[in-house]
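Asker: Structure below; questions to follow.
Read the figures in this text as sums done on the coordinates, not as results from a lab. Since the model is a prediction, treat every value here as computed from it, not as a measurement. All Cβ positions, glycine included, derive from the backbone under ideal geometry; neighbour counts span all protein chains shown.
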Amino acid sequence: MLVDSHCHLDMLCQQADDLPPVLERAQADAIQHLLCVAISLERFPSMMELIAPYPQISASVGVHPDGVDVEEPDVERLCALADQPRIVAIGETGLDYYRAEGDLEWQRERFRRHIRAARAVNKPLIVHTRAARDDTLRILAEERAAEIGGVLHCFTEDWEMAQAAMAMNFYISFSGIVTFKNALDLQAVARRLPAERMLIETDSPYLAPVPKRGKANQPAYVRHVAEFIAGLREESFASVAEMTTRNFYALFTGAPRPDRAL
Ligand code: NI
């Protein structure tokens, strides 16, 4: 049994009818739970409406650091939207200095507000970080993110950053990027990461893993991420599946377990 700890179903599915086949495919590959991650407040209501009929899908609320010209969330609004059982995390939030230009103080402020909201509602953070390593760690520390913890999603950083994040109660999540041929440094991190801190995800519809690279990614493909990591670590697929699933429920304790949900 597997969990896809990070997907964007509302971007994968243009209409509600597109979702059932995606979920059937995921179920056929033993994906028991999915966490559908928000990227903006504008899209949030339709995302929640899309997933409403399916208890095997949890959700987060937040505004992606790449979002410009979007509604800026304040702490109160994030807390109000997070106050429902389906919402198990705040995010995705964080810093992205790769895509953005100029004075990025607005990104850092947005990130701080997400951390404050997460602490206020006692839900973990889903953090996106790209080309912003030092500021990400500094702001997480300054805003005492360790009190709620979370995950560095779609991890592409080095071992030092993984260690610094784990010291603040964060998990490390690997996406299909770890399966790419040129991802040798990242594969080295996946090899040495303590099993009890590892999560896996698709980040679908982006970043399909080998052997599906180039196709639209979907939650079922998280199996390929798990298989690849099992090979790297010389562990069984079953043990990677079990650990990452256990870790998911430990972090996102609000997510219903399958014996209750399905
Ligand atoms: Ni994402």
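Asker: At each listed q (0.10, 0.12, 0.14 Å⁻¹), what is the log10 of I(q)/I(0) that the Debye formula gives for the chain modelled as equal alpha-carbon point scatterers?
Answerer: -0.43, -0.64, -0.90
Asker: Further, regarding this structure: Taking the chain as a Gaussian network, Cα atoms linked when under 10 Å apart, which of D203, D17, D158 shows the biggest mean-square fluctuation?
Answerer: D17
Asker: In whole Å, how far is the Cα centre of segment 216-232 from that of segment 43-62?
Answerer: 23
Asker: Treating cross-link reach as a plain straight distance, find the lysines whose alpha-carbon is under 19 Å from the alpha-carbon of K181, omitting any fewer than eight places away in the same chain.
Answerer: In chain and number order, the partners are K212, K215.
Asker: What distance in nm separates the two pseudo spin-label positions at K215 and Y54, each 7 Å out from Cα along the beta-carbon direction?
Answerer: Roughly 1.7 nm, to one decimal.
Asker: Please check which bits of segment 167-202 a label hung off M11 would reach, taking the label as a point 7 Å along Cα-to-C-beta and the cut-off as backbone N under 19 Å.
Answerer: 173-180, 200-202
Asker: What is the fewest-to-most order of F44, F174, F237, F228 by other Cβ atoms lying within 10 Å of their Cβ?
Answerer: F237, F44, F228, F174
Asker: Here is a follow-up. When the Debye formula is applied to the Cα atoms of segment 115-216, each taken as the same point scatterer, what base-10 log of I(q)/I(0) results at q = 0.21, 0.24 Å⁻¹?
Answerer: -1.08, -1.29
Asker: While we're on this one: Just V63, V88, V121 to compare: in a GNM of the chain, with alpha carbon springs under 10 Å, which one fluctuates most?
Answerer: V121
Asker: Something else: If I build a Gaussian network model for the chain, linking alpha-carbon pairs within less than 10 angstrom, which residue out of A241, A226, A28 has the largest mean-square fluctuation?
Answerer: For the chain, modelled as a Gaussian network with Cα springs under 10 Å, the answer is A28.
Asker: Go through 181-189, 148-156 and give me the packing order, highest mean Cβ count within 10 Å leading.
Answerer: 148-156, 181-189
Asker: Based on alpha-carbon positions alone, could you give the equivalent ellipsoid semi-axes of segment 26-94 from the gyration tensor, as √(5λ), descending, whole Å?
Answerer: For segment 26-94, the semi-axes come out at 23, 13, 10 Å.
Asker: Please compute the contact order of segment 14-140 in relative form: average sequence separation of alpha-carbon pairs under 8 Å and at least six residues apart, divided by the residue count, as a percent. Write down the numbers at each step before the final one.
Answerer: Values: 196 pairs, mean separation 28.7, N = 127.
23 percent.
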